[in-house]
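The values are calculated or read from the model by the stated rules, or taken from the named source; none is laboratory data. Everything numeric in this text was worked out from a predicted model, so none of it was measured. So basically every Cβ, Gly included, is an ideal-geometry build from the backbone, and we count neighbours across all protein chains shown. What goes into the accessible areas is simple: the full protein's heavy atoms, side chains included, and nothing from ligands, DNA or RNA. Shrake-Rupley method; radii C 1.70, N 1.55, O 1.52, S 1.80 Å.
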Amino acid sequence: MKELVEHIAKALVDHPERVHVTATTDNETVHLALSVHPEDMGKVIGKQGRIAKAIRSVVHAAATNTNKRVRIDIVDEIKG
């Protein structure tokens with residue numbers, strides 16, 4: 001799932017080298033945190049969240065075979 005989100009996000013942004021996805025897993029859920037350059041935040045979210053919703057839909061469809069829930073959070077770029 002992590003690679004899928006990363007691949008989609010890199011295709012959308014102007015700074016693909018600044019796209020990072022971190023994954024954590026608990027019993028039933030995979031939590032993915034998508035971090036992009038601040039200028040690219042709007043491109044990943046889209047008008048009224050349509051792009052973010054589409055990304056989530058694709059990932060949820062891909063996760064149906066794993067029997068796990070996937071949660072995607074779009075966060076500010078991690079400084080440091």
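I'm trying to understand the selection: among the residues of the range 14-30, which are surrounded by fewer than 13 Cβ atoms within 10 Å (Cβ to Cβ) and in a helix (DSSP H, G or I)?
Within the range 14-30, Glu17 is the sole residue that qualifies.
Only one of Ala33, Ala11, Ala54 is open to solvent by 70 Å² or more (accessible area, probe 1.4 Å), free of Cβ contacts under 8 Å to residues at least 60 places away in the same chain and of a type in the set (A, V, I, L, M). Can you tell me which?
On inspection, the qualifying residue turns out to be Ala11.
Can you work out which of the residues in the range 36-51 that are on the phi > 0 side of the Ramachandran plot and assigned to a helix (DSSP H, G or I) is surrounded by the most Cβ atoms within 10 Å (Cβ to Cβ)? So that I can check it myself, show each step before the final result.
From the range 36-51, those on the phi > 0 side of the Ramachandran plot are 46, 48-49; that's our starting set.
Pick out the ones that are also assigned to a helix (DSSP H, G or I) and you get 48-49.
On the way: Gln48: 8, Gly49: 11.
Here the residue is Gly49.
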